[in-house]
Amino acid sequence: MIYAERPSLTTLRPVGRKHSSAGVAETASKVGVDEVVEFSNWAPLPKWKRALDLGLILVAALFIAPVMLLMAALIKIVSPGPVFYTQDRVGRQGRTFRLFKFRTMRADSAATPHQDYLKGLLNSNQPMAKLDHKDTRVIPFGRVIRASGLDELAQLINVVRGEMSLVGPRPCTPYEYEHYQAWQKERFSALPGLTGLWQVSGKNTTTFVQMVNLDIKYSRNQSFLKDIWILVSTPAVVCGQLLQLSRSRVETTKSQTESAKTRAAVS
């Protein structure tokens, strides 16, 4: 599969107040919106990117395949339900696609808590930390899987299908997309990725606006060497996340022990 370079009329989304031409305004009327962005004005994808994605997947297939099989077996053992979690995400030029992840939450989990938390992040300067430490929906071993990024390996399916790249902005949900400002949608000029400039530049310590700025910076300055640098830098970031998770667990255990001692002393 090759990357599609031009959007269909249905990929135009409401963003700005100004129309680039009468034709765009007519398109807006046809698709039922008053404000549109002309995605086709954006630069085409770099020709080297698809070759890099498929080449690295082929080279690493012998190592990745056993890990994915072990992941699938572990999820089946510890939690009833499907191995994969699929969700609509917004990719390059506002196109919606079905994203794959290894499931790390209960199969009956609702998305409402995540949407409420995300809405708060979009309108604040809070770091984009995950809810994992207090999310009761996470299955056994789920926090470790998420911190290590192993749940993202299923997105290699999306990479092979041409919907994602190994390196690029984080694919957002349609709910998140509808809350983006016009200038923030420039991040959709690049294919979404498993890892990216934001992931190796602070990730959970950055705000939403900082994340968008990093994504736009990457989108405007894509290069073969930059993708290689991001891929090489990602394992160190993952190790840092696992170390942070370990420290958090130690602190939680210590706090629970002290609380238990206090209650025992009072009683």
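Bear in mind these aren't lab numbers, they're just calculated from the coordinates by the rules spelled out. Since the structure is predicted, the reported quantities are computational estimates derived from the model, not experimental observations. Every residue, glycine among them, receives a Cβ derived from its backbone with ideal geometry; neighbour counts consider all protein chains shown.
Comparison of L197, L191, L153 shows that the only residue that is in contact (Cβ under 8 Å) with a residue 12 or more places away in the chain and part of a helix (DSSP H, G or I) is L153. Looking at R50, R103, R98, just one residue is in contact with an Asp or Glu (Cβ under 9 Å, 6 or more places away or on another chain) and buried (at least 16 other Cβ atoms within 10 Å of the Cβ), and that residue is R103. Checked against the criterion of being in contact (Cβ under 8 Å) with a residue 40 or more places away in the chain, surrounded by fewer than 17 Cβ atoms within 10 Å (Cβ to Cβ) and part of a helix (DSSP H, G or I), the range 167-179 contains one or more residues that satisfy it.
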